[in-house]
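Read the figures in this text as sums done on the coordinates, not as results from a lab. Everything numeric in this text was worked out from a predicted model, so none of it was measured. Virtual Cβ from ideal backbone geometry, glycine too; neighbours counted across all protein chains shown.
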Amino acid sequence: MQIFPNFITIEEEISLTEEIDPYIKKLRYEQSHWDDAIHNYRETEKSKWNEKNIKIIDKIRKKAFSKEMSHIPLIHILDLASEGWIKPHVDSIKFCGEIIAGLSLLTDSVMRLKMVDNESLYKDFLLSRRSLYIMSGIARYNYTHEILKNKESFFKGQYILKDRRISIICRSQPNHNCKQY
Ligand code: AKG
């Protein structure tokens with residue numbers, strides 16, 4: 001799991017939010033996801049971006065994926081309400097390849113990675129506003145990931161208030177020969 005703080009500037013965050021908000025604000029927050037993993041959220045997928053924002057998306061892809069690796073062209077946009085949270089889960093290997101890269105907008109939050117075979121083994125990561133995380137390998141397959149709800153949102157003993165959060169998530173294409181390890 002790698003984290004890159006301040007991966008984008010404040011101006012770039014505004015530019016992304018200005019493109020996402022007019023559409024996503026028309027959707028209602030849902031209480032629960034189809035697989036019960038996400039609470040109080042709205043989401044969409046986006047393939048077309050304005051000229052300024054496609055440069056930011058390309059910057060994420062360049063950082064996260066090697067040249068040979070194919071990525072899913074649709075970008076997942078998840079808007080978690082301030083009271084929302086994401087329960088521990090591993091992204092399905094049917095829909096996602098070996099890399100998940102997520103840009104966090106509007107707020108700090110705490111992501112917890114818990115070992116699938118031993119939930120008492122976990123590590124918390126601070127996802128600061130405008131940071132990028134890249135999850136791959138063991139972190140991707142052998143650990144669940146979750147975004148802590150506000151009540152539990154502590155990092156190294158410090159309370160991290162999670163406000164409304166938009167994440168922009170880029171995934172590599174599923175590799176159908178790949179076995180979970
Ligand atoms: C998912 O869509 O499976 C997530 O866990 C989203 C993570 C994030 O919002 O950064």
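State the Kirkwood hydrodynamic radius of segment 1-119 in Å, one decimal place, computed from all pairs of distinct Cα atoms.
16.0
List the trypsin sites (Lys or Arg not before Pro) in segment 117-167 that DSSP assigns to loop (not H, G, I, E or B) and whose Cβ has at most 16 other Cβ atoms within 10 Å. Which are they?
Lys156, Arg164
Which of the chymotrypsin sites (Phe, Trp or Tyr not before Pro) across segment 85-159 are loop residues per DSSP, with 13 or fewer other Cβ within 10 Å?
Hits after loop and neighbour filter: Phe95.
Viscosity 0.692 mPa s, temperature 37 °C: what is the translational diffusion coefficient of segment 2-56 from Stokes-Einstein with a Kirkwood Rh over Cα pairs, rounded to a whole number of µm²/s?
So the translational diffusion coefficient is about 247 µm²/s.
Taking springs between alpha-carbon atoms closer than 10 angstrom, which of Ser92, Ser167, Ser15 fluctuates most in the Gaussian network model of the chain?
Ser92
Evaluate the distance, in nm, between pseudo-label points positioned 7 Å from the Cα of Val90 and of Asp117 along their respective Cα→Cβ axes.
For Val90 paired with Asp117, the spin-label model returns 1.0 nm.
Quick one: how many lysine pairs in segment 1-125 have C-alpha atoms under 20 angstrom apart, if they're 8 or more apart or on different chains?
Pairs that pass both the separation and distance tests number 20.
For segment 28-95, which trypsin sites (Lys or Arg not before Pro) are in a loop by DSSP, counting at most 16 other Cβ atoms within 10 Å?
Arg28, Lys48, Lys67, Lys94
By the gyration tensor of its Cα atoms, with a ≥ b ≥ c the square roots of the eigenvalues, what is the shape of segment 30-181: rounded for a/c under 1.5, prolate for a/b over b/c, or oblate?
It comes out oblate by the Cα gyration axes.
Tell me the mean residue ellipticity at 222 nm calculated for the chain from its helices only (DSSP H runs of n ≥ 4, each -39500 (n - 2.57), averaged over every residue, nearest 500).
My calculation for the chain gives -5500 deg cm²/dmol from helical runs alone.
For the residue pair Gln2 and Asp58, what label-to-label distance in nm results when each label sits 7 Å from Cα along the Cα-to-beta-carbon direction?
That separation, rounded to one decimal, is 2.0 nm.
Using each residue's phi in segment 51-58, evaluate 6.51 cos²θ - 1.76 cosθ + 1.60 at θ = phi - 60° and report the 3J(HN,Hα) Karplus result to the nearest Hz, with x for Gly and Pro.
Once θ is set to phi - 60°, the couplings for segment 51-58 become 4, 6, 6, 5, 5, 6, 4, 5 Hz.
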